[in-house]
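First comes the structure, then the notes that go with it.
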Ligand SMILES: [Zn+2]
Ligand SMILES: [Zn+2]
């Protein structure tokens, strides 16, 4: 089966990364477990195709409105619930902070203070996750991570079913043409380094101009910069002096990318560097304090 080979390749890459960056060992081991749980559950996933109305496509083409809202993605609730429980189980063995958060969440679930079913059936609503985190003193990044990874197989399957209707070359905007979310990575591919942004929510990749800030639209070359760690030109941080935000760029001409999220995770030292330089990452990552 295809997913088995892709999981094998992922594991190989994780092994390589563990050797190259021993400090990431624990976090990479956790990531591998998350992926294994997601792959394991995929065969039982049931997702209906998303009906796309012609008017929506016209609006995207003419006005640049995203095709969908996050809550329009169909979710397999049972799969998401099962996955959430598995992620909590392995989260307890991740970092002490994650373990502590998971224990709090489990307690709240047990006492029926929060309802996962409600969170999942209402679709993915960011405000609601924020409210729940606020109300019960949870780390929003961790809660969001657990929820997002629980629904990821559903979202990816939904996107897969849409793919034939989408043209990655049509959008030039900084936000995802499918769901309107912000990108979390920038990829350079092919001859001349065509630039693609990667959606932080649905994983869609769309092509954009090479020189502009995806977050504020700034096109002034003088205020757009980048830096990278010594000897690591493959991973670059693109910075904007106008909004003081940055996006991580991976040059996919230098490495074969098995899983972009994994490469992001294995280069958190660059995020720390960017944060020390005063730049902000608009898309949160649960592993960056
Ligand atoms: Zn998206
Ligand atoms: Zn900017």
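None of the figures in this text is laboratory data; all of them are computed from the coordinates on show. Just so it is clear, the model here is predicted, and its values are computed rather than measured. Glycine also receives a Cβ, built like all others from the backbone with ideal geometry; neighbour counts cover every protein chain displayed.
By the compact-protein rule of thumb, 2.2 N^0.38 Å, the alpha-carbon radius of gyration of the range 1-143 corresponds to a ratio of 1.27.
Out of every Cα pair in the chain, what percent are spaced more than 32 Å from each other? Could the numbers behind the result be given before it?
Working: 10740 of 41616 pairs.
Here the tail beyond 32 Å accounts for 26 percent of pairs.
Exposure proxy ranking for 210, 281, based on other Cβ atoms within 10 angstrom of each Cβ and starting from the fewest, stands as 210, 281.
Here, the range 62-216 yields an orientationally averaged convex hull projection of 10.7 nm² when only Cα atoms define the hull.
Residue order for 121, 5, fewest other beta carbons within 10 angstrom first, comes to 5, 121. The Cα atoms of the range 113-180 cover 44, 23, 17 Å along the three principal axes, with the biggest extent listed first.
Here the simple spin-label model places points 7 Å from the Cα toward Cβ, and for residue 226 and residue 12 these points are separated by 2.7 nm. Neighbour counts of C-beta atoms inside 10 Å place 255, 151, 119, 90 in the sequence 255, 90, 119, 151, starting with the fewest. With runs of 4+ DSSP H residues as the only contributors, calculate the mean residue ellipticity of the chain at 222 nm using -39,500 (n - 2.57) per run, divided by the residue total and rounded to the nearest 500. It lands at -14500 deg cm²/dmol. If you take the square roots of the eigenvalues of the alpha-carbon gyration tensor of the range 183-276 and sort them as a ≥ b ≥ c, do you get rounded (a/c under 1.5), prolate (a/b over b/c) or oblate? Taking the square roots of the gyration eigenvalues as a ≥ b ≥ c, the range 183-276 is rounded. Relative to the current alpha-carbon distance between residue 275 and residue 136, full extension at 0.36 nm per residue lengthens the span by 47.3 nm.
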